[in-house]
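Worksheet for the structure shown next.
The values are calculated or read from the model by the stated rules, or taken from the named source; none is laboratory data. The shown structure was predicted, so the numbers you read here are calculated from the model rather than taken from an experiment. We place every Cβ from the backbone using ideal geometry, glycine too, and count neighbours over all the protein chains shown. We work out accessible area using only protein heavy atoms, side chains counted, and drop any ligands, DNA or RNA first. Shrake-Rupley method; radii C 1.70, N 1.55, O 1.52, S 1.80 Å.
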Amino acid sequence: MRIEACIFDLDGVIVDSAIFHFEAWQYLASNLGIEFTEKHNEQLKGVGRLDSLKFILELENIEKDEQELKILASSKNTHYLQLIESLGESDILPGVVDLIKDLKANNIKIGLGSASKNAQPILHKLGIFDQFDAIIDGTHTTESKPHPQVFLMGSKALGTSNVVVFEDARKGVAAANSAGFFSIGIGNQIELDNADFVLPNLAGFTFKNLINLLQPVDE
């Protein structure tokens, strides 16, 4: 496989902001009389805001009209933005910056593929916004992972189908696989057994490691 671009998910791959999402959803759920646990939160990895809200409401069979859904989703996002106000470069997960620099030094294009509608402000807070050649987030997509839309759009924006995707969620890996891209899971081997390869994190992972990993595909 010839590689020309890498697309990274945001939460759990570049920065661990999942705890802030959990706290914001839990706060909203509590106000609605819904018990929302960490186990529930795991099922929201890679899922868009409105779909996440609908999942939470379904826990207690609560129905809301479209206007009410928008108000609740906006309320959650406002709380989330308050929680992430302190994010900075020190919150970037291990290995991310070095890998991106290494990839760019080897003429590999860098893309972001995230369900988050706050991806761009978060990248600015982290100080790495300018490192991305294409950013596809929740403001661009209409389908949630495991639908491959976000990665197909990223591939098109980057001008190549020779793509490797880095994902921390099973649904995200499924989306990458459906798009026909090589998927690297970041996290637990058992939870991400649908990925082509799994790493515990990106610390120490280099362009050379990636090339060696892809080489057997051609054999």
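Points to keep in mind about this one:
- Helix runs (DSSP H) in the chain reaching 15 Å along axis by Cα, Kyte-Doolittle at least 0.0: 18-31
- Of (i) 128; (ii) 157; (iii) 113, the label for volume of the Cα convex hull per residue in Å³ derived from the coordinates: (iii)
- Accessible surface of region 1-54, 1.4 Å probe, proportion on carbon and sulfur as whole %: 47
- Each residue of region 185-196 was assigned a 3J(HN,Hα) from its phi angle through the Karplus curve 6.51 cos²θ - 1.76 cosθ + 1.60 (θ = phi - 60°); the sequence is x, 10, x, 8, 4, 5, 5, 10, 6, 8, 7, 5 Hz, with glycine and proline shown as x.
- Calculated FRET efficiency for the pair residue 203/residue 38, C-beta based, R₀ 22 Å, to 0.05: 0.35
- FRET efficiency, residue 19 to residue 69 (Cβ-Cβ, R0 25 Å, nearest 0.05): 0.55
- Annotation: lysines with alpha-carbon distance below 18 angstrom to residue 39 (same-chain offsets under eight excluded): 54, 171.
- Under 5 Å between amide hydrogens, built in the peptide plane, is the criterion, and for residue 162 it picks out 4 among residues at least 5 positions away or on other chains.
- Between the amide H of residue 15 and those of 93, distances stay under 5 Å, these residues lying 5 or more places away or on another chain, with hydrogens modeled in the peptide plane.
- Antiparallel content of DSSP bridges confined to the chain, in %, to 5: 5
- In range of the label at residue 86: residues from region 6-37 whose backbone nitrogen is under 13 Å from the point 7 Å along Cα→Cβ: 20
- Take every pair of alpha-carbon atoms less than 8 Å apart whose residues are at least six positions apart; their mean separation over the length of the chain yields a relative contact order of 26 percent.
- Ranking 30, 8, 61 by how far each Cα lies toward the positive end of the dipole of region 1-75 (charges on Cβ) leaves 8 at the top.
- The calculated 222 nm mean residue ellipticity attributable to helices in the chain amounts to -12500 deg cm²/dmol, summing -39500 (n - 2.57) over DSSP H runs of n ≥ 4 and dividing by all residues.
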